[in-house]
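The values are calculated or read from the model by the stated rules, or taken from the named source; none is laboratory data. Since we're looking at a predicted model, the values are computed, not measured. Here the Cβ is made from the backbone with ideal geometry for all residues, glycine too, and neighbour counts use every protein chain on show.
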Amino acid sequence: MRKIKHNLNSCCGEDIYSLIPNYILDDLYLKRNHSLKVVEAKGHSIPKEVLNEIKAFVSKWTKDETIEYSLFPLKTTLDEYFTVGQSIVTLSRTIDKFKFPDIEKVKSVLIKFQNDEEIFRNAFFQLNNSFIAMANCVMNIRNRFYWMNMGVALADNGGMNYLVEIYTGVPTSINIKIDEKPRPVTRLGWAYPVTGIVWVTIKPSLLKIKNRLFDSPMDVYIQSHAFDRLAERIDCIYEIMAQYSLYLSLMEPKVCYDNNHELMIEYRIFGTKAGYFRIDVVGKIVVIRTFLFLTNNGTPESNLLEKNTGLKMLDKKYLAIDKLSTFMSSDIGRNEQIKKIFSDAGCESLLELYENVGPICTKHSDQSSLSLMLEYIGHDNTKDGINKSNLKLRL
């Protein structure tokens, strides 16, 4: 009630709160909005540790994030908006049933809270962002999805509760035959607030599979091997971020072929190419077989890199240029010789990724990798900046 007084009086610069009779304030107290309550959605069982983690996240997020009213100069936290602000809105909708001397003056203030649709949209937008962030903290699309929706319910001790309802789901797993061997695969998707799980599908025409009668989207499945290689090679960002980049790359697929004319789809992080997924079409589904980093053998860039420098698979492992973390150094991008080596092989996107991924990187390369790379490959001051005859095979 102290906060309600502060908000009402701050709205107009005078003591409006004191004009409201006590019996109306008592009624408002009974009908007030309580803090957001985190609950399991009906029919969904959430592990206790996940539930507690989300409760702690919601509490901190709503108390830390602030928003401003658009119709008057007042800033509030998300928690205070959903409790105090929405309690005032409740009062504005019920005030007409009461009669008291200053009702019109009080109504003129209350209506500002009720009509401020911009702060209402901003509050739910920020809350929606928190739902996405929370889900990303606990979700792993290999085995379990989480998402949150808003709900309302009567509070046990009177008044109203805005609810954060937690939903969960698991991806479908099936067994298929690839190269005459049975392999388990998992359906690929992502979970969003309100909509729930959105599954990845690809039209055959995007894979250059021609069928004059049908172009029905095919479900996409992924082998655990591809998840493992993704985590191993995209080794310097959070796993959930790497998985989200996987999802987005498949939702807007850029299809190409390797030297053996096998289908591949680009893997992009923040829109920048970092590798490929090798895929198979098995019956009516698309299966992601494995993940290849941009320099891994079998990619067009790897073929050019080997042609230009003589580096083979074991050489790349020795230099660790088969992992993203090696490129998370500003030294590599600033060195013109190294820059030319990778740019000539079509790998300039790996240098560009430092600008996008560097600030959120969880692992950076050893600063000695630059000198090791130059010494191992060998270089001079010729036009090309590379002296192939000086290649050092230290393995």
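Filtering region 40-81 down to residues that are in a helix (DSSP H, G or I) and hydroxyl-bearing (Ser, Thr, Tyr), which residue is farthest from Asn129 (Cα to Cα)?
Here the answer is Tyr81.
Across region 250-299, what is the number of residues that are among the charged types (D, E, K, R) and within 25 Å of Ser325 (Cα to Cα)?
Result for region 250-299: 7.
Of all residues being free of Cβ contacts under 8 Å to residues at least 60 places away in the same chain, assigned to a strand (DSSP E or B) and out of contact with any Lys or Arg (no Cβ under 6 Å at 6 or more places or on another chain) in region 255-273, which is farthest from Thr201 (Cα to Cα)? Just the residue, please.
Tyr257
Against the conditions (1) small (Gly, Ala, Ser); (2) modelled with pLDDT under 90; (3) touching a helix residue (DSSP H, G or I) at 6+ places or on another chain (Cβ under 9 Å), where does Ala155 fall short? Just the number, please.
Only one criterion is unmet by Ala155, namely (3).
Restricting the search to region 262-305, which residues are closer than 18 Å to Ile176 by Cβ and more than 25 Å from the chain's Cα centre (by Cα)?
Selection gives Glu262, Leu263, Asp280, Val281, Val282, Gly283, Lys284, Ile285.
Of the numbered conditions (1) modelled with pLDDT under 80; (2) in contact with a His (Cβ under 6 Å, 6 or more places away or on another chain), Gln337 satisfies every one except a single condition; which is it?
Of (1) modelled with pLDDT under 80; (2) in contact with a His (Cβ under 6 Å, 6 or more places away or on another chain), only one is false for Gln337: (1).
Among the candidates Leu314, Leu294, Leu319, which residue alone is farther than 22 Å from Met218 by Cα, among the hydrophobic types (A, V, I, L, M, F, W, C), touching a residue at least 24 places away in the same chain (Cβ under 8 Å) and touching a Cys at 6+ places or on another chain (Cβ under 8 Å)?
Leu294
With region 284-350 as the region, which helices (runs of 4 or more DSSP H) entirely inside it contain at least 1 residues that are of a type in the set (Val, Ile, Thr) and not assigned by TED's automatic domain parsing to the domain that holds Leu250?
The qualifying helices (runs of 4 or more DSSP H) are 300-309, 330-334, 336-344.
Looking only at region 145-161, how many residues end up being within 18 Å of Phe125 (Cβ to Cβ) and crowded, with 18+ Cβ neighbours inside 10 Å?
2
Starting from region 345-361, take each residue that is more than 19 Å from Glu239 (Cα to Cα) and list its partners that are aliphatic (A, V, I, L, M) and crowded, with 17+ Cβ neighbours inside 10 Å, counting only C-beta distances under 8 angstrom and pairs at least six apart or across chains.
Pairs that qualify, where the first residue is more than 19 Å from Glu239 (Cα to Cα) and the partner is aliphatic (A, V, I, L, M) and crowded, with 17+ Cβ neighbours inside 10 Å, are Ala345/Leu305; Cys347/Leu294; Cys347/Leu305; Ser349/Ala274; Ser349/Leu294; Leu351/Ile332.
Of all residues in region 316-349 being basic (Lys, Arg) and surrounded by 19 or more Cβ atoms within 10 Å (Cβ to Cβ), which is nearest to Asn297 (Cα to Cα)?
Only one residue fits best here, namely Lys316.
Listed residues Ser216, Ser249; which is among the hydroxyl-bearing types (Ser, Thr, Tyr) and surrounded by 13 or more Cβ atoms within 10 Å (Cβ to Cβ)?
Only one candidate qualifies: Ser249.
Does region 1-26 hold any residues that are without any contact (Cβ under 8 Å) to a residue 24 or more places away in the chain, within 14 Å of Leu91 (Cα to Cα) and either among the hydrophobic types (A, V, I, L, M, F, W, C) or surrounded by 15 or more Cβ atoms within 10 Å (Cβ to Cβ) (or both), and which are they?
Passing the criteria: Lys5, Tyr17.
Restricting attention to region 235-244, does a residue exist that is in contact (Cβ under 8 Å) with a residue 40 or more places away in the chain, surrounded by 18 or more Cβ atoms within 10 Å (Cβ to Cβ) and in a strand (DSSP E or B)?
Taking every residue of region 235-244 in turn, none turns out to be in contact (Cβ under 8 Å) with a residue 40 or more places away in the chain, surrounded by 18 or more Cβ atoms within 10 Å (Cβ to Cβ) and in a strand (DSSP E or B).
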